[in-house]
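Below is one structure; the comments refer to it alone.
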Amino acid sequence: MTQFKLPLAAASAATCFIATPGLADITPDDVWSNWQTYFSSFADSFTAEETRSGDDISLKGLTLSIELPEEEGTVAITMPDIDFVSNGDGTVGISYATGSGFGVSGEGDGETFEMSLGFDHTGMSVVASGAPNDITYSYAAASMTYTLGEFLLNGEPIDPAEFTAEGTVDVSQVAGLINVSTGDVISISQDVTYGDIAYDVRIVVPEEDTNLVTTASMQDLAVEAELSWSANANLDDPYTIFNDDLNISVAYTSGPTESAMSGSDETGPFSSESTSSGGAMELIFNSDEFVMSADTLDTSFTFFGAGIPLPVSGEIGEVSMGMAVPLKASESPMPFGMNIAMADVIMPDLLWDIFDPAAVLERSPATIRLGLEGTTKLFLSAFDPAFIESDDAPGELNSLTLTELEVSIAGAEPTGSGDFTFDNSDLESFDGFPRPAGSADFRLTGGNALLDSLIQMGLVSENDAMGARMMMGVFTVAGPGDDELTSRLEVDENGHVLANGQRLR
């Protein structure tokens, strides 16, 4: 039976770096057994040439074989040579041969491929400790380098006139802990820090006049992650995967990053560069909830291509997004929310001058922020097979709050907030949508000045501007400040829609 493949990426990472300090007495056999149980949870088979010297174990040619879904083929991953050595104090040292590496091979659609990945390290220390079914691996390394090796297609090297690829990944000052617990539920947790990560990749496809060089670096990466799943999960029954045993939790923070790309294709040369001062990401996924957030700070970018007459550049002070939704059925409303932001966006004067050469528009940084919160009630859990199979709505919307609306562009600034509840027993008043009740308040400053500027630039006609002002007059009233409009939109308990007290529906 095909085993659950979701942890494959985590498996590769964990087995590449596996390591951690000691608590109780374990042996090399305990560590090797821990690995075998772990491998069995996602690989269809694994083999290794095993030799022993006393309690110590050496593995050569450790290979994990994985069958692709729907009999599309197989993939095999070969690990570097590994030694499990008793330290004599209840802990086990794990070492990887320098100059060895990883191999990936596969078969499908009547073709085979092979790829090698070189692996070198300096100052690498790996120690396993704990209990046989609950082992912690502590590791540290001054540096690790991965080098892209040879590609073979159907047993033959790929002709350089058709395709070449070269690349390295360098990692420095690595330190962390990984815990692997085996049983009815397989779980992995890790807390790892990296000083610097950098890669350099070059790809050439001569027949298509294509070449690409890309480099990137990141400083001060810190990763905390937890992953657990049922040891008996398999793809033949996805609901053995998506159940209460599944839990994914990942969070990272990073320092300054840089990236660059250059090359050419049939249209001509292209290049891009970007930097940021740092970022963060969080992901939680289990039977109760899905939570995701990501932030990047102080980004700058430049790019050009054959179809772009001028280099395009800019700066963005903040890019962020977040989402939180419940996944479990509940008799009472559960909270959800989302937010997006792109703040302090600066375009250089060179770009402004393309469409505004007379500098009519205000060129202050632009910002967009939107935040929503609410409550919802699910009738079925998202992991319930009936959730997908049912033709009925799986839940209902109970309330919605506009927590933040902020837009600032070319001198115009609309803002807003509001609260609504929803009567799900009334699906007639709003054509199948539950009847809302509540209000939202909006404010616009600089709107008329922006319209005047667009007229002066010739982008908007006087008639179009008059129509826009008449429309604003229906929904807004003059505010206390210059060029300020306000609006209060309401839906009362009878389903009447009002704008500033005037009924619209």
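Brief remarks on what is shown
- Largest first, the three principal axis extents of the alpha carbons in region 415-490 are 51, 27, 15 Å in whole numbers.
- Rounded to the nearest 10 degrees, the angle from helix 447-457 to the longest Cα principal axis of the chain is 90 degrees.
- Between the listed residues Leu310, Leu227, Met347, the Cα displaced farthest toward the positive end of the dipole of the chain, a dipole computed from Cβ unit charges relative to the Cα centre, is found at Met347.
- Straightening the chain between Glu266 and Arg469 buys 68.3 nm, computed as 0.36 nm per residue apart minus the Cα-Cα spacing.
- Segment Leu498-Thr63, extension gain: residue separation times 0.36 nm, minus the distance between their alpha carbons: 149.7 nm
- Gyration tensor (Cα) of region 319-394, equivalent ellipsoid semi-axes in angstrom: 45, 13, 9
- Equivalent ellipsoid, region 242-357 (semi-axes from 5 times Cα gyration tensor eigenvalues, Å): 39, 17, 14
- Couplings 3J(HN,Hα) for region 204-219, derived from phi with the Karplus relation 6.51 cos²θ - 1.76 cosθ + 1.60 (θ = phi - 60°), are 10, 10, x, 5, 9, 6, 10, 9, 8, 10, 9, 10, 7, 8, 9, 10 Hz, where x marks Gly and Pro.
- Cα point-scatterer Debye curve for region 30-101, base-10 log of I(q)/I(0) at q = 0.13, 0.16 Å⁻¹: -0.44, -0.63
- Relative to the longest principal axis of the Cα atoms of the chain, helix 462-475 runs at roughly 90 degrees.
- Spin-label zone in region 312-326 - amide nitrogen under 18 Å from a point set 7 Å from the Cα of Ser259 along the C-beta vector: 312-321
- Taking the chain and dividing mean pair separation by its residue count, relative contact order in percent (alpha carbons under 8 Å, at least six apart): 7 percent
- Phi angles across region 333-344 convert, under the Karplus curve 6.51 cos²θ - 1.76 cosθ + 1.60 with θ = phi - 60°, into 3J(HN,Hα) values of x, 10, x, 9, x, 7, 8, 9, 8, 9, 10, 6 Hz, Gly and Pro given as x.
- Extension gain (nm, one decimal) between Thr51 and Leu351, 0.36 nm per residue minus Cα-Cα: 101.4 nm
- Portion, in percent, of the accessible area of region 264-385 that falls on carbon or sulfur, probe 1.4 Å: 64 percent
- On a per residue basis, the convex hull of the C-alpha atoms belonging to the chain measures out at 205 Å³.
- Scalar couplings 3J(HN,Hα) for region 412-422, obtained by applying the Karplus form with A = 6.51, B = -1.76, C = 1.60 to θ = phi - 60°, are 9, 9, x, 9, x, 7, x, 9, 9, 10, 10 Hz; x denotes Gly and Pro.
- The figure for His496 is an accessible area of roughly 50 square angstrom, using a 1.4 Å probe on the protein chains alone.
- Note on Tyr239: accessible area approximately 80 square angstrom, rounded to 10, probe 1.4 Å, nucleic acids and ligands left out.
The values are calculated or read from the model by the stated rules, or taken from the named source; none is laboratory data. Everything numeric in this text was worked out from a predicted model, so none of it was measured. In this analysis, Cβ positions are derived from the backbone assuming ideal geometry, glycine residues included, and neighbour counts consider all displayed protein chains. Each accessible area value is taken on the protein alone, full model and side chains, heavy atoms only, with ligands, DNA and RNA left out. Shrake-Rupley method; radii C 1.70, N 1.55, O 1.52, S 1.80 Å.
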